[in-house]
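Everything on this sheet refers to the single structure shown next.
The values are calculated or read from the model by the stated rules, or taken from the named source; none is laboratory data. Keep in mind the model is a prediction, meaning the values are calculated, not measured. Cβ placement follows ideal geometry from the backbone for every residue including glycine, while neighbour counts extend to all protein chains displayed.
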Amino acid sequence: MTATISHRLPQKRHLVTPLPGPESSALAKRRAAAVAAGVGSVVPIYAADADGGIIVDVDGNSLIDLGSGIAVTGVGASNPAVADAVAAQAHHFTHTCFMVTPYEGYVAVAEKLNELTPGDHEKRSVLFNSGAEAVENAVKVARLATGRDAIVAFDHAYHGRTNLTMALTAKTQPYKYNFGPFAPEIYRMPMSYPYRDDLGTDGVSAAKRAIRQIETQIGGEAVAGLLIEPIQGEGGFIVPAPGFLTTLAEWARDNGVVFIADEVQAGFCRTGTWFASEAEGIVPDIVTTAKGIAGGMPLSAITGRADLLDKVHPGGLGGTYGGNPVACAAALATIAEMEELDLNARAHHIEEIALPRLRTLADDLDVIGDVRGRGAMLAIEIVEPGTDTPAPALAKKVAAAALEAGVVILVTGTFGNVIRLLPPLVIDDETLVDGIDVLEQSLHSVAAPVGV
C-alpha cells in the first residue's frame with residue numbers, strides 16, 4: 001500500500017446480544033408488514049453503522065464483514081473521501097438529468113473509465129444505474145453495431161434480474177422461476193469450470209467446444225455479441241481455465257462478434273487488477289461495470305470501442321438517473337481512493353493472507369471440494385464428505401455458524417454450495433485473520449477431518 005488506511009470505528013468483532021438482537025427482531029416484524037416477501041436478506045441483523053471491515057447492527061453488535069455488500073464497498077462503507085464528495089455535490093445539486101442539462105462529473109467519470117479499462121484504443125462510455133442496466137445496454141450496442149440478433153451467454157452466468165438479463169442468467173432459482181417468458185435470441189454455451197469440467201484445466205479445448213456449438217447451433221455470422229464474466233460471480237466464483245477466454249476473444253474478433261466482458265462483480269481492484277480481464281491479457285470490445293465503482297452509490301457503465309458506441313443514434317442510450325451527479329462524485333472519489341491506497345496491491349495482500357489458510361482447510365476437511373479465486377474474490381466449494389456432490393445445506397450451516405460468532409459471509413453458486421469471501425479491500429489484517437479464524441472454526445464445527 002502507498003498510504004495508511006485509517007478507520008472511524010473500532011475494527012473488532014464484538015457481540016453484546018445473541019443474533020438477531022431485540023432491535024433487529026423488532027425491525028424484522030416491521031419489515032414483514034411493509035416490505036414485499038420477494039426481497040430476501042442474507043442475515044437477520046439490521047445495520048446501523050459500517051466502516052472498514054466492520055458492520056455495527058442496531059443492537060450494538062460489531063460484526064466482521066466478509067461480503068462488502070456483494071463486492072460494492074471495496075473502499076469501505078463510509079469512506080471519508082467518498083462521504084465528503086457526496087455531501088459536497090449534494091449541496092450544489094442532486095439532479096438535473098444529463099440528457100437535459102449535462103454536468104462535468106459525468107464527463108469526468110467517462111474519461112476515467114476510458115483510461116482504466118483494458119486497451120489503448122479510442123473509447124466511449126455511457127453511465128447507468130445498475131449492473132443489469134449496463135448489461136442490457138451493452139447488448140443493445142452490440143446488436144445495433146453488428147446488425148445481428150444472437151447473444152451468446154454461458155453456463156453458470158449471472159447478469160441481472162431484468163427480463164433480458166434473466167434470459168442471460170443461467171440459474172432459475174431464485175432469479176428466473178415463474179418470471180418468463182424471456183427475451184429471445186439468447187443462446188447458452190458450456191463454461192470452463194475446472195473443478196467440474198471433464199476438460200479440467202484445458203481452457204483452449206473448453207473454448208473450442210463452446211465455439212463448435214456456437215457455429216453449429218447459431219452460426220458465427222448471426223452472433224452479435226459474446227457476453228461473459230471473466231470470473232463468474234453468482235455462479236460460484238468460477239475462474240475459467242487458462243486459454244478459455246483468450247480463445248473465445250480471438251474467435252469473436254475473427255467473426256465480427258462483439259466481445260463483452262461483464263466486470264460488474266470482478267472489476268475495480270477486486271481481483272488485484274483494475275479489471276479481471278487484464279490477468280488473461282484480454283481487451284474486450286465492451287466492458288460493463290457497477291458495484292465497486294462508486295463506493296455504494298448506484299452507478300454503472302458500459303465502456304467500449306468508440307466505433308461501436310458512436311454508431312448508436314442520439315437518444316438511443318441514456319436514462320433519467322443514469323450518471324446521477326452525486327453518484328458520479330462518489331465514483332471519482334472512490335477511484336481516487338483506490339489509486340491513493342493502491343487497493344490492487346491490497347487485494348493481492350488479502351489473497352496472500354487468506355488463500356493459504358483456505359487451502360490448508362481443504363487438505364484437512366473432506367467437505368471442501370475446491371478452493372479458488374483471485375485477489376479478494378475467493379471461494380470454497382462445499383461438497384458431501386469425500387465426494388464432489390454439491391452440499392448446499394452444509395454451506396448454509398457454515399454461514400450460520402459464522403454469523404452466530406459475528407462474521408458475515410455469503411453463500412452462492414449454481415448449486416448453492418459455494419462460500420465466497422469478498423472482504424472490503426480496506427479491511428485490516430487483524431480483522432481479516434479473525435474472520436478467517438471464525439470461518440475455520442465454523443467449518444470444523446460442521447465437518448469431519450479427512451479420513452475420519
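Taking the residues in the range 209-247 that are of a type in the set (A, V, I, L, M) and farther than 15 Å from Tyr187 by Cα as candidates, determine which candidate is surrounded by the fewest Cβ atoms within 10 Å (Cβ to Cβ).
Residues of the range 209-247 that are of a type in the set (A, V, I, L, M), as a first pass: 210-211, 214, 218, 222-224, 226-228, 231, 238-239, 241, 245.
Still in the running and farther than 15 Å from Tyr187 by Cα: 231, 238-239, 241, 245.
Values: Ile231: 27, Ile238: 29, Val239: 24, Ala241: 20, Leu245: 26.
Here the residue is Ala241.
Looking only at the range 309-340, how many residues end up being assigned to a loop (DSSP other than H, G, I, E, B) and on the phi < 0 side of the Ramachandran plot? Please lay out each step first, then the result.
Taking the range 309-340 first, the residues assigned to a loop (DSSP other than H, G, I, E, B) are 310-324.
Adding the requirement that they be on the phi < 0 side of the Ramachandran plot leaves 310-314, 316-317, 320-322, 324.
The total comes to 11.
Report whether or not Phe182 is surrounded by fewer than 17 Cβ atoms within 10 Å (Cβ to Cβ), among the hydrophobic types (A, V, I, L, M, F, W, C) and at pLDDT 95 or above.
yes
How many residues are under 22 Å from the mean Cα position of the chain (by Cα) and buried (at least 20 other Cβ atoms within 10 Å of the Cβ) when one looks only at the range 44-62?
6
Here is a list of conditions, (1) part of a loop (DSSP other than H, G, I, E, B); (2) more than 26 Å from Ser277 (Cα to Cα), and Ile64 meets all of them except one; can you say which number that is?
(1)
Go through the residues of the range 55-67 one by one and say whether even a single one is closer than 21 Å to Ala336 by Cα and among the hydroxyl-bearing types (Ser, Thr, Tyr).
The first filter runs over the range 55-67 and keeps only residues closer than 21 Å to Ala336 by Cα, leaving none.
No, the conditions are met nowhere in the range 55-67.
More than 20 Å from the chain's Cα centre (by Cα), of a type in the set (Gly, Ala, Ser) and under 30 Å from Asp342 (Cα atoms), is that true of Gly406? I'd like the intermediate steps shown before the answer.
Working: more than 20 Å from the chain's Cα centre (by Cα): yes; of a type in the set (Gly, Ala, Ser): yes; under 30 Å from Asp342 (Cα atoms): yes.
Answer is yes for this residue.
Being more than 17 Å from Leu432 (Cβ to Cβ), of a type in the set (A, V, I, L, M) and part of a loop (DSSP other than H, G, I, E, B) is the filter here, so list the residues in the range 364-419 that pass it.
Correct list: Val367, Ala391.
Out of the range 275-308, which residues are crowded, with 24+ Cβ neighbours inside 10 Å and assigned to a helix (DSSP H, G or I)?
Across the range 275-308, the qualifying residues are Ala276, Ser277, Lys291, Gly292, Ile293, Ala294.
Residues in the range 18-46 that are touching a strand residue (DSSP E or B) at 6+ places or on another chain (Cβ under 9 Å), part of a loop (DSSP other than H, G, I, E, B) and modelled with pLDDT of 95 or more: how many? Steps first, answer last, please.
Keep residues of the range 18-46 that are touching a strand residue (DSSP E or B) at 6+ places or on another chain (Cβ under 9 Å), which gives 19-21, 23-24, 42-43, 45-46.
Filter again for part of a loop (DSSP other than H, G, I, E, B), leaving 19-21, 42-43, 45-46.
With the extra rule that they be modelled with pLDDT of 95 or more, the set shrinks to 19-21, 43, 45-46.
Counting residues in the range 18-46 that are touching a strand residue (DSSP E or B) at 6+ places or on another chain (Cβ under 9 Å), part of a loop (DSSP other than H, G, I, E, B) and modelled with pLDDT of 95 or more gives 6.
What tally of residues in the range 186-218 results from selecting those that are under 23 Å from Arg148 (Cβ atoms) and either in contact (Cβ under 8 Å) with a residue 40 or more places away in the chain or under 25 Å from the mean Cα position of the chain (by Cα) (or both)? Spell out how you get there, then give the answer.
Pass one, the range 186-218, residues under 23 Å from Arg148 (Cβ atoms): 186-191, 207-218.
Subset that is either in contact (Cβ under 8 Å) with a residue 40 or more places away in the chain or under 25 Å from the mean Cα position of the chain (by Cα) (or both): 186-191, 207, 210-211, 214, 218.
Qualifying residue count for the region: 11.
Scan the range 47-61 residue by residue and report those that are touching a residue at least 12 places away in the same chain (Cβ under 8 Å) and either closer than 20 Å to Pro298 by Cβ or in a loop (DSSP other than H, G, I, E, B) (or both).
Ala50, Gly52, Gly53, Ile55, Val58, Asp59, Gly60, Asn61, listed by residue number.
Okay, residues lined up against (1) in contact with a strand residue (DSSP E or B) (Cβ under 9 Å, 6 or more places away or on another chain); (2) under 21 Å from Ala241 (Cα atoms); (3) assigned by TED's automatic domain parsing to the domain that holds Ala134:
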| residue | (1), (2), (3) |
| --- | --- |
| Ala261 | yes, yes, yes |
| Ala266 | yes, yes, yes |
| Thr271 | yes, yes, yes |
| Glu278 | no, yes, yes |
| Ile286 | yes, no, yes |
| Thr289 | yes, no, yes |
| Gly292 | no, no, yes |
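Which one is farthest from the chain's Cα centre (by Cα) among residues in the range 260-278 that are among the aliphatic types (A, V, I, L, M) and within 18 Å of Ala379 (Cα to Cα)? So that I can check it myself, show each step before the final result.
Kept after step one, since they are among the aliphatic types (A, V, I, L, M), are these residues of the range 260-278: 260-261, 264, 266, 276.
Now drop any that are not within 18 Å of Ala379 (Cα to Cα), which leaves 264, 266, 276.
Values: Val264: 5, Ala266: 5, Ala276: 11 Å.
Looking at the filtered set, the residue picked out is Ala276.
Looking at (1) touching a Ser or Thr at 6+ places or on another chain (Cβ under 7 Å); (2) of a type in the set (A, V, I, L, M); (3) surrounded by 21 or more Cβ atoms within 10 Å (Cβ to Cβ); (4) more than 30 Å from Pro314 (Cα to Cα), which is the only condition Leu199 fails?
The single condition Leu199 does not satisfy is (3).
If you go through the range 89-96 one residue at a time, do you hit one that is buried (at least 18 other Cβ atoms within 10 Å of the Cβ) and in contact (Cβ under 8 Å) with a residue 24 or more places away in the chain? Break it down stepwise before answering.
Filtering the range 89-96 for residues buried (at least 18 other Cβ atoms within 10 Å of the Cβ) gives 89.
Checking the rest, the ones that are also in contact (Cβ under 8 Å) with a residue 24 or more places away in the chain come to 89.
Scanning the range 89-96, I find at least one residue that is buried (at least 18 other Cβ atoms within 10 Å of the Cβ) and in contact (Cβ under 8 Å) with a residue 24 or more places away in the chain, so the answer is yes.
Quick one: is Val86 surrounded by fewer than 17 Cβ atoms within 10 Å (Cβ to Cβ) and over 20 Å from the mean Cα position of the chain (by Cα)?
no
Can you work out which of the residues in the range 143-167 that are part of a helix (DSSP H, G or I) and touching a helix residue (DSSP H, G or I) at 6+ places or on another chain (Cβ under 7 Å) is farthest from Thr247 (Cα to Cα)? Spell out how you get there, then give the answer.
Of the range 143-167, the ones part of a helix (DSSP H, G or I) are 143-146, 163-167.
Okay, now just the ones that are also touching a helix residue (DSSP H, G or I) at 6+ places or on another chain (Cβ under 7 Å), so 145, 164-165.
Details: Ala145: 23, Leu164: 26, Thr165: 25 Å.
If we take residues in the range 143-167 being part of a helix (DSSP H, G or I) and touching a helix residue (DSSP H, G or I) at 6+ places or on another chain (Cβ under 7 Å), then Leu164 is farthest from Thr247 (Cα to Cα).
Does Ala134 satisfy the condition of being in contact (Cβ under 8 Å) with a residue 24 or more places away in the chain and not assigned by TED's automatic domain parsing to the domain that holds Ala261? Full working, then the answer.
Working: in contact (Cβ under 8 Å) with a residue 24 or more places away in the chain: yes; not assigned by TED's automatic domain parsing to the domain that holds Ala261: no.
Taking the combined requirement at face value, the residue does not satisfy it.
Give the residue, chosen from Arg305, Arg357, that is touching a residue at least 24 places away in the same chain (Cβ under 8 Å), among the basic types (Lys, Arg) and not assigned by TED's automatic domain parsing to the domain that holds Ala224.
Details: Arg305 fails: not assigned by TED's automatic domain parsing to the domain that holds Ala224.
Result: Arg357 is the single residue among Arg305, Arg357 that is touching a residue at least 24 places away in the same chain (Cβ under 8 Å), among the basic types (Lys, Arg) and not assigned by TED's automatic domain parsing to the domain that holds Ala224.
Give just the number: which of (1) at pLDDT below 95; (2) outside any loop (DSSP other than H, G, I, E, B) does Gln173 not satisfy?
With respect to (1) at pLDDT below 95; (2) outside any loop (DSSP other than H, G, I, E, B), Gln173 is out only on (2).
Taking the range 9-27, which residues are surrounded by 15 or more Cβ atoms within 10 Å (Cβ to Cβ) and either within 29 Å of the chain's Cα centre (by Cα) or in contact (Cβ under 8 Å) with a residue 40 or more places away in the chain (or both)?
Result: Leu9, Gln11, Arg13, Leu15, Thr17, Leu19, Pro20, Gly21, Ser24, Leu27.
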